[in-house]
């Protein structure tokens, strides 16, 4: 017991040095140390009880934070997307279409981050120029619980980050001209509770061939916080329905930027917003042959419908986007 306490103190001190952790008070330091110890114990326990797990775990910069402190954002947006057949693999990162990780120094909402990145990814695919969109603008102008994509449409698109680089505390629609313009927005009004049909259709989707996808996942599964590599496939990460009223702090928004197969096991490639010290340099792979962590349940894509003929790196280009929801027509037909 004494050895265990000494070992944990040594590990915690090393953790604080490695990640330059500094706390304001002794009380906070003690609280964070206890969280660190709990997380380490959970990780070691899982590793011992699941020697054949398909993913790896290690300590990272999140070890002094509980799940609720990390994944504390929630979106109220509801939608679905059209579907077809998947080719074998795709990774938009290798094509230079995914922006670098956003360094959040002012506590911007994850909804603003992911929705902006989704639009800028499609802009890059259509123009072959990856230009950073203004997360600060979306944060200022689209406060939760309003749906971010509908808000982006209502304010006629998003600006470039260089034109609206920091949050102002209030929305300033006249600060800059939009990099993109959202002209049409179609949404099926409510959650479609036909899980098996939606799930089977979604897993044959090819829309990711056109651009990245937005989704929200359950992050309460064992080992997710300490994930470091491999394909996350954990039964405790629920596939079952959860009342949206009671799932606060358990769901997290992100981009699906690709997919593939490793040793016969299909997976999604997802971009998290926890920084490059987490997972596979900020990304993670998650099982694609099932609704792991409910990843297939709530999916959004912004899709280009019209494009300017002349596109330059420094041009302000108006590109209409459409968020199309067609699963209902598939069900009817």
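Computed from the coordinates by the stated procedures, all read-outs in this text should not be read as laboratory data. All of these numbers come straight from a predicted model, not from anything done at the bench. Methodologically, a virtual Cβ is constructed for each residue, glycine included, from the backbone with ideal geometry; neighbour enumeration extends over all protein chains shown.
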- Task: Arrange the following residues from fewest to most other Cβ atoms within 10 Å of their Cβ: 101, 284.
- Result: 101, 284
- Note on the structure: Quick note on 270, 66, 237, ordering by fewest other C-beta atoms within 10 Å, gives 66, 237, 270
- Ordering of 161-169, 36-44 by burial proxy (mean other Cβ atoms within 10 Å per residue, highest first): 36-44, 161-169
- Packing-ranked peptide list from 129-138, 221-230, highest mean Cβ count within 10 angstrom first, is 129-138, 221-230
- Query: What shape does segment 2-52 have by the C-alpha gyration tensor, where a ≥ b ≥ c are the square roots of the eigenvalues, rounded means a/c under 1.5, and otherwise prolate means a/b greater than b/c and oblate the rest?
  - Reply: prolate
